[in-house]
Amino acid sequence: MSSSNAPTREGFTTTLGVLAATLGSAVGLGNIWKFPSLTGQNGGAAFVLVYIVCVALIGLPVMIAEFIIGRRANANNVGAFKKLAPTKPWYLTGVAGVVAAFLIMFFYTDVAGWVYSYAFKALTGAFANADSTQTADIFSQYIGSVAGPLVWQWIVLVVISVVIIAGVTKGIERMTKTLLPILFVLLLICDVRALTLPGAFAGVEYLFKPDFAKITAPVILAALGLAFFKLSIGMGTMTTYGSYIGKRENMPVNAVRVAMADTLVSLLAGLAIFPAVFAFGFQPDAGPSLLFITIPAVFNTMPFGQVFLTMFFLLAAIAATGAMISLLEVPVAYLTEEKKWSRFAATIFSAGSMGVVGVLATLSTSTLSEFTVFGKTFFDLFDFASSNVLLPVGGILICLFAGWKLGPATIIDEASNQGALNNQVFLKFLTIMLRWVAPIAILLVLLNGLGIFKV
Ligand code: TRP
């Protein structure tokens, strides 16, 4: 059992700070890279609709459950389970979360490095007048090289380490509070630009006019998987952040705000991308390369394209940074509290290992592209093992832990601030979702992801 926390345990200081940090975690490459690419591959508005339902019915309850576990225990992701269930192996859920944080970071820092370098390339005019064949060449040349992507990956790690070493209040809270508004403004500017292009409306329709025939089982499962990744749930990021939330904060309301604002950012990213894609006659279904190949080509065809392209990659870099900070904080909180390391040592060790093992992901598109484990490159393996295995398993365990082990009385006590908030009816509904609906739904995603059960 972990010893009680030092009285100086840091936390988020204001309601706005709680929102900024948790929203800063949720908003990331998921909104700007994964959401548009999956929407484009799964037929547009129908996918968006299903995604929103998944966020509301599954994602939101799991996020609230993580907040409850974290704040109730006032401890890191492993310590939290040890405190709330001292004699049981539940803490392994927390351990799996720490492992997942590393796995996600191995490849996330790689893609974040591409985004940083693209912001820089756009700024220096590297894409000026390039058409989509040329932007495709630039991309494959870049990810096929060794030094560039590695250097940018390490720059990314240095940036987030500085924030994490600065601490929960002065690092995470202050950083996200400053950067999120900038992100919103940049995104809105890109939206106005894209939406005022002639022919933009086709992109709006693509996002908002669902063709219900396109709602198939794989579409539902892809949407649920994205909801997990998007909301940073299933591995203890929100548990860790929940432990920094003050006892008087309204956690369910914060979770609703995060889910809504995060979805809004995804839609705004879609509105910056699809109208432009349609206006210039590009295909929406390019997948992961949409951001890196299609977008530079699309922005090139519009007036002041280079300026908007730079802004777009800058906002993507900001989003990715806030998300990675929350991922790095998970092992750092664990090492400082459970292993009594200094924050500095814990950060250097964690970011250092991410940088060393992350090389395997980064070289997956160059030197190691032929090297596969279970038929996957390291990049795909890390992505698959975290998104398709650890996040759903963690999600199920979190639902079961909150719904059955803690149980309705504790859930209602913690999430209503000991009855001070008048949200008991909502919390009763939440309990049902956590006990039954969410775990069963997630189990289906998991089995599908593993290919055990195909729909
Ligand atoms: N939500 C972030 C994004 O959309 C990524 C992220 C941060 C994450 N923390 C997480 C994903 C924890 C899964 C689990 O980019």
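The values are calculated or read from the model by the stated rules, or taken from the named source; none is laboratory data. If you're wondering where the values come from, they're calculated on a predicted model, not measured in any experiment. Cβ coordinates were reconstructed from backbone atoms using ideal geometry, including for glycine residues, and neighbour counts include every protein chain displayed. Remember, those area values only see protein heavy atoms, side chains included, never the ligands or the DNA or RNA. Shrake-Rupley method; radii C 1.70, N 1.55, O 1.52, S 1.80 Å.
Overview of results
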{"read-out": "Residue match in the range 281-304 (condition: without any contact (Cβ under 8 Å) to a residue 12 or more places away in the chain and in a helix (DSSP H, G or I))", "value": "no"}
{"read-out": "The one condition in (1) part of a loop (DSSP other than H, G, I, E, B); (2) of a type outside the set (S, T, N, Q); (3) farther than 30 Å from residue 440 by Cα; (4) open to solvent by less than 70 Å² (accessible area, probe 1.4 Å) that residue 235 fails to fulfil", "value": "(3)"}
{"read-out": "Qualifying residue in the range 192-215 (condition: modelled with pLDDT under 95, over 16 Å from the mean Cα position of the chain (by Cα), surrounded by 20 or more Cβ atoms within 10 Å (Cβ to Cβ) and of a type in the set (Lys, Arg))", "value": "yes"}
{"read-out": "Count of residues meeting criterion [among the hydroxyl-bearing types (Ser, Thr, Tyr) and assigned to a loop (DSSP other than H, G, I, E, B)] in the range 397-455", "value": "1"}
{"read-out": "Breaking point among (1) closer than 30 Å to residue 447 by Cα; (2) hydrophobic (A, V, I, L, M, F, W, C); (3) within 16 Å of the ligand (Cβ to nearest atom), for residue 269", "value": "(1)"}
{"read-out": "Yes/no for residue 83 being of a type outside the set (Asp, Glu) and part of a helix (DSSP H, G or I)", "value": "yes"}
{"read-out": "Top-ranked residue of the range 344-372 - restricted to ones that are of a type in the set (Phe, Trp, Tyr) and in a helix (DSSP H, G or I), ranked as nearest to residue 105 (Cα to Cα)", "value": "349"}
{"read-out": "Residue match in the range 276-289 (condition: open to solvent by less than 10 Å² (accessible area, probe 1.4 Å), away from the ligand (no atom under 16 Å from the Cβ) and closer than 12 Å to residue 36 by Cα)", "value": "yes"}
{"read-out": "Which numbered condition residue 380 fails, given (1) away from the ligand (no atom under 16 Å from the Cβ); (2) at pLDDT 95 or above; (3) part of a helix (DSSP H, G or I)", "value": "(2)"}
{"read-out": "Which listed residue is at pLDDT 95 or above, more than 24 Å from residue 329 (Cα to Cα) and not in a helix (DSSP H, G or I), from 145, 140", "value": "145"}
{"read-out": "Residue among 95, 50, 78 that is without any contact (Cβ under 8 Å) to a residue 40 or more places away in the chain and not polar (S, T, N, Q)", "value": "95"}
{"read-out": "Residue count, the range 388-415 (criterion: within 16 Å of the ligand (Cβ to nearest atom) and either without any contact (Cβ under 8 Å) to a residue 24 or more places away in the chain or open to solvent by 30 Å² or more (accessible area, probe 1.4 Å) (or both))", "value": "5"}
{"read-out": "Residue in the range 248-267 that is touching a helix residue (DSSP H, G or I) at 6+ places or on another chain (Cβ under 8 Å), in contact (Cβ under 8 Å) with a residue 60 or more places away in the chain, open to solvent by 10 Å² or more (accessible area, probe 1.4 Å) and closer than 18 Å to residue 46 by Cα present", "value": "yes"}
{"read-out": "Breaking point among (1) out of contact with any Phe, Trp or Tyr (no Cβ under 8 Å at 6 or more places or on another chain); (2) in contact (Cβ under 8 Å) with a residue 40 or more places away in the chain; (3) of a type in the set (S, T, N, Q), for residue 140", "value": "(2)"}
{"read-out": "Candidate set: the range 106-121, residues that are of a type outside the set (A, V, I, L, M, F, W, C) and under 9 Å from residue 320 (Cα atoms); chosen: the one farthest from the ligand (Cβ to nearest atom)", "value": "109"}
{"read-out": "Unmet requirement for residue 341, which otherwise passes all of (1) under 29 Å from residue 129 (Cα atoms); (2) not in a helix (DSSP H, G or I)", "value": "(1)"}
{"read-out": "Test: residue 177 is within 16 Å of the ligand (Cβ to nearest atom) and either open to solvent by 30 Å² or more (accessible area, probe 1.4 Å) or on the phi < 0 side of the Ramachandran plot (or both)", "value": "no"}
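Residue by residue, here is whether (1) under 30 Å from residue 311 (Cα atoms); (2) under 17 Å from the mean Cα position of the chain (by Cα) holds:
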position	(1), (2)
84	no, no
90	no, no
98	no, yes
109	yes, yes
115	yes, yes
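For every residue, the table says whether it meets (1) in a helix (DSSP H, G or I); (2) of a type in the set (Gly, Ala, Ser); (3) away from the ligand (no atom under 16 Å from the Cβ).
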site	(1), (2), (3)
9	no, no, yes
21	yes, yes, no
24	yes, yes, no
46	yes, yes, yes
55	yes, no, no
59	yes, yes, no
63	yes, no, no
69	yes, no, no
95	yes, no, no
